[in-house]
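The values are calculated or read from the model by the stated rules, or taken from the named source; none is laboratory data. Quick caveat: nothing in here was measured; it's all calculated off a predicted structure. Glycine gets a Cβ as well: all are built from the backbone with ideal geometry, and neighbour counts include every protein chain shown.
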Amino acid sequence: MAKKQPVEVTRSDISNPFVEIQEQIDAICEKANVGDTCRLRLRECERELIVHFPVKMDDGKIYVFTGYRIQHNDTRGPAKGGIRYHPEVTLDETRALAALMTLKAAVVNLPYGGAKGAVACNPKIMSRDELERLTRRYASEIALLIGPEIDIPAPDVGTNPQVMAWIMDTYSMNKGYSVLGVVTGKPIELGGSRGRFEATGRGCMISAQLASKHLGIPLNTARVAVQGFGNVGATAVKLLAQIGCQIIGISDSKGGIFNPNGLDVPKVVRHKKETGSVIDSKDAENITNAELLELDCDILIPAALENQIHQRNAPSVKARMIVEGANGPTTYEAAKILSDKRIFVVPDILANAGGLVVSYFEWVQDLQSFFWSEEEVNNQLRRVLDNAFHEVLEMSQRYKVDMRDAAYMLAIKRIADTMHARGIFP
Ligand code: NAD
């Protein structure tokens with residue numbers, strides 16, 4: 001591998017994520033010739049709740065945590081979006097993620113609006129009891145906004161099916177009866193859907209298959225690099241390896257590993273389980289996260305956090321195709337650079353929509369109390385993503401724009417049509 005210094009992400013590469021989304025919405029509304037009513041409404045979040053709440057820690061001390069629940073827009077249906085537990089979450093990050101959810105639901109044509117929640121905390125250093133108390137109190141604080149017909153949370157970074165089970169239980173205790181459909185991403189025994197846990201990574205694999213077919217890249221010899229080895233990244237790696245891709249690079253928050261001849265994925269999974277990280281795996285060279293993003297490969301999947309590909313490292317990205325597993329992994333400036341380099345990007349609102357689609361299936365199953373087989377879930381997921389991919393591709397060819405702009409145009413046009421049909425109250 002070339003030993004040039006790769007570019008690490010710094011604070012100066014990260015602009016305000018909500019302002020960035022507002023700029024994108026402005027630009028796309030102009031390109032799509034969508035009126036000002038839709039543009040002005042999509043630039044803002046409809047409802048924003050900020051909560052500061054006390055939690056008793058195991059040592060008896062009381063900490064006051066800050067949390068958010070933001071509903072960006074519910075024109076097309078109940079608001080839907082994950083809950084993030086991370087020490088650095090901010091109001092503007094949560095707003096930006098909520099806006100992305102509105103667009104994601106519209107691009108895959110689900111009857112949902114967008115929302116996001118967050119608590120500024122570090123789940124990695126909290127005990128299970130502390131996490132349960134924090135979750136139940138946060139769920140009570142946001143209870144006035146959530147519900148199966150209003151706003152349905154789901155897991156995101158730092159939360160998991162257990163956290164969703166506590167939210168469902170807290171909400172149900174206050175109602176006096178069990179409400180399965182108040183959150184998705186629940187354990188199977190509590191109304192969760194088969195296939196939900198793997199759905200986002202599976203969606204990335206389906207997106208990679210559809211894009212490779214379009215570009216004429218044979219997947220059985222494709223070299224793949226994946227940043228992030230959590231729910232999304234690890235599932236995408238496993239599924240892509242199963243269909244014959246060569247996984248040459250993987251990373252997590254501690255660093256990355258590289259083998260130009262392909263990593264032994266089951267061995268890396270075992271190593272991660274035993275040591276907590278992929279680094280120092282046998283038969284692989286340790287690399288940094290910055291180096292991973294610049295690997296010479298066919299498919300790059302950023303599946304960790306936001307703003308990983310920015311204007312200083314985008315010129316060095318060598319992948320032929322990027323499948324955005326994470327939300328917002330590419331800054332607005334970097335997206336333009338990738339587009340100029342003719343790198344085919346399946347944007348986040350399409351590539352990682354698998355989790356949202358199967359969350360929708362979970363909600364439908366909960367409302368009907370009728371549960372599907374995993375095969376049915378996976379087949380329906382493929383059908384929805386296949387349709388959305390081809391609709392975005394068609395939009396990109398018709399308007400001569402890249403896939404990101406096309407996905408935003410398709411989503412915004414759909415929302416504008418619904419807004420127009422509904423009119424303005426009163
Ligand atoms: P996760 O917490 O399970 O995994 C995150 C992974 O990223 C971990 O391996 C972690 O070590 C790694 N990571 C953290 N910081 C990093 C850094 N600075 N550099 C490199 N790696 C780093 O989270 P997840 O659920 O897999 O989510 C990953 C991304 O996908 C997020 O952007 C999330 O919003 C998005 N997403 C998740 C879902 C879902 O269903 N889980 C759905 C849609 C989008």
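Descriptive notes on the structure:
- Yes/no for residue 223 being under 20 Å from the mean Cα position of the chain (by Cα), of a type in the set (Lys, Arg), modelled with pLDDT of 95 or more and not assigned by TED's automatic domain parsing to the domain that holds residue 52: no
- Test: residue 295 is more than 9 Å from the ligand (Cβ to nearest atom) and under 19 Å from residue 326 (Cα atoms): yes
- The lone criterion from (1) within 9 Å of the ligand (Cβ to nearest atom); (2) touching a Gly at 6+ places or on another chain (Cβ under 8 Å) left unmet by residue 356 is number (2).
- The stretch 363-389: number of residues that are small (Gly, Ala, Ser) and assigned to a helix (DSSP H, G or I): 1
- Top-ranked residue of the stretch 146-182 - restricted to ones that are in a helix (DSSP H, G or I) and touching a Lys or Arg at 6+ places or on another chain (Cβ under 7 Å), ranked as surrounded by the most Cβ atoms within 10 Å (Cβ to Cβ): 164
- Sole residue being in the same structural domain as residue 94 (by TED's automatic domain parsing), more than 16 Å from residue 365 (Cβ to Cβ) and in contact with a Leu (Cβ under 8 Å, 6 or more places away or on another chain), chosen from 205, 173, 126: 126
- Tabulated pairs, the stretch 303-315, first in contact (Cβ under 8 Å) with a residue 60 or more places away in the chain, second acidic (Asp, Glu) and more than 10 Å from the ligand (Cβ to nearest atom), C-beta under 6 angstrom, 6+ apart or interchain: 310/13; 311/333
- For residue 264, the criteria (1) out of contact with any Lys or Arg (no Cβ under 7 Å at 6 or more places or on another chain); (2) under 27 Å from residue 361 (Cα atoms) hold in every case but one, which is (2).
- Cβ-Cβ contacts under 7 Å between residues 6 or more apart (or on different chains), taken from a first residue in the stretch 89-110 that is touching a residue at least 24 places away in the same chain (Cβ under 8 Å) to a second residue that is assigned to a helix (DSSP H, G or I) and small (Gly, Ala, Ser), are listed as 103/411; 106/411; 107/388; 107/407; 107/411; 108/388; 109/388.
Okay, residues lined up against (1) under 14 Å from residue 360 (Cα atoms); (2) surrounded by 24 or more Cβ atoms within 10 Å (Cβ to Cβ); (3) within 15 Å of the ligand (Cβ to nearest atom):
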site: 78; (1), (2), (3): yes, no, no
site: 97; (1), (2), (3): no, yes, yes
site: 108; (1), (2), (3): yes, yes, yes
site: 118; (1), (2), (3): no, yes, yes
site: 122; (1), (2), (3): no, no, yes
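- With respect to the conditions (1) more than 23 Å from residue 365 (Cα to Cα); (2) surrounded by fewer than 24 Cβ atoms within 10 Å (Cβ to Cβ), residue 225 falls short on a single one, namely (2).
- Of all the residues in the stretch 278-300, those that are within 16 Å of residue 234 (Cα to Cα) and touching a residue at least 40 places away in the same chain (Cβ under 8 Å) number 5.
- Every residue from the stretch 251-274 that is away from the ligand (no atom under 16 Å from the Cβ) and in contact with a Leu (Cβ under 6 Å, 6 or more places away or on another chain): none
- Residue pairs whose Cβ atoms lie under 9 Å apart, separated by 6 or more positions or on different chains, with the first residue in the stretch 331-358 and in the same structural domain as residue 320 (by TED's automatic domain parsing) and free of Cβ contacts under 8 Å to residues at least 24 places away in the same chain and the second surrounded by fewer than 20 Cβ atoms within 10 Å (Cβ to Cβ) and of a type in the set (S, T, N, Q), are 333/15; 333/311; 336/311.
Table: residues versus (1) surrounded by 16 or more Cβ atoms within 10 Å (Cβ to Cβ); (2) among the small types (Gly, Ala, Ser).
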residue: 281; (1), (2): yes, yes
residue: 296; (1), (2): no, no
residue: 347; (1), (2): yes, no
residue: 357; (1), (2): yes, no
residue: 373; (1), (2): no, yes
residue: 378; (1), (2): yes, no
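Here is a yes/no grid of residues against (1) closer than 22 Å to residue 422 by Cα; (2) acidic (Asp, Glu); (3) free of Cβ contacts under 8 Å to residues at least 24 places away in the same chain:
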position: 25; (1), (2), (3): yes, no, no
position: 33; (1), (2), (3): yes, no, yes
position: 41; (1), (2), (3): yes, no, no
position: 49; (1), (2), (3): no, no, no
position: 55; (1), (2), (3): no, no, no
position: 67; (1), (2), (3): no, no, no
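- Listed by position, the helices (runs of 4 or more DSSP H) contained in the stretch 12-119 that have at least 3 residues being within 21 Å of the chain's Cα centre (by Cα) are 17-31, 91-107.
- Condition check for residue 248 on (1) away from the ligand (no atom under 16 Å from the Cβ); (2) surrounded by fewer than 18 Cβ atoms within 10 Å (Cβ to Cβ): one failure, at (2).
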